[in-house]
């Protein structure tokens, strides 16, 4: 277990502790003003960092790299970036959960605040599922497909054109494409669901800002 995994585990357990056992940390409306301010700061910094990273990785960085890098190089780079990406946004989600739950304990929170805590918990859950389950499976499947493609002398081009063309006459590559597509699809779905949960919370925060 790496230091980042240990840190993420500790933060996740802290977040769940604040949600389900808020009295331990004395959270709620009776909390000291300095503690509430610190919780708000941690929540906003963590949320904005996770939200910005999700926007960049999902809609900008990954697309630019795919359109400009040889496909195997792109895959190798993503295999190094995705674990770091999901670790960062999982930590950010956990800190956001802890901060929000400290300010709005479940027992005294309004229905709107409970929904928002649910969105943040959903983002944490989807990000953890990607970090722990889907990303390792996707990387392993990608490595197996790369091996098949190297044997077929493809993969150093930009884009999918050669893979699609060769797969029409190569059942092994076609089967591997199908398996990879399924696992990658689940990973992408979890990422989009986490992104959607954060988007719902961003709408809530925007309604609280006085400009």
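The values are calculated or read from the model by the stated rules, or taken from the named source; none is laboratory data. Given the structure is predicted, the values throughout are model-derived calculations rather than measurements. Here Cβ is always computed from backbone atoms with ideal geometry, including for glycine, and neighbour counts include all displayed protein chains.
Of the helices (runs of 4 or more DSSP H) lying entirely inside segment 119-211, none contains at least 3 residues that are in contact with a strand residue (DSSP E or B) (Cβ under 6 Å, 6 or more places away or on another chain) and on the phi > 0 side of the Ramachandran plot. All of (1) under 22 Å from the mean Cα position of the chain (by Cα); (2) at pLDDT 95 or above; (3) surrounded by 14 or more Cβ atoms within 10 Å (Cβ to Cβ) hold for residue 72 with one exception: (1).
In segment 171-179 there is no residue that is closer than 21 Å to residue 81 by Cβ and at pLDDT 95 or above. Would you pick out the residues in segment 45-69 that are more than 15 Å from the chain's Cα centre (by Cα), assigned to a helix (DSSP H, G or I) and surrounded by 14 or more Cβ atoms within 10 Å (Cβ to Cβ)? Listed by number, the residues that qualify are 45, 65, 66.
If you go through segment 100-124 and keep only what is surrounded by fewer than 18 Cβ atoms within 10 Å (Cβ to Cβ), over 16 Å from residue 205 (Cβ atoms) and touching a residue at least 60 places away in the same chain (Cβ under 8 Å), you end up with 106, 107, 108. All of 167, 206, 175 fail the test of being more than 25 Å from residue 63 (Cβ to Cβ) and over 26 Å from the mean Cα position of the chain (by Cα), apart from 175. Restricted to segment 139-161, and to residues there that are free of Cβ contacts under 8 Å to residues at least 60 places away in the same chain and crowded, with 17+ Cβ neighbours inside 10 Å, the residue that is nearest to residue 68 (Cα to Cα) is 154. What do you reckon, is residue 102 in a helix (DSSP H, G or I), more than 19 Å from the chain's Cα centre (by Cα) and modelled with pLDDT under 95? It is true that residue 102 is in a helix (DSSP H, G or I), more than 19 Å from the chain's Cα centre (by Cα) and modelled with pLDDT under 95.
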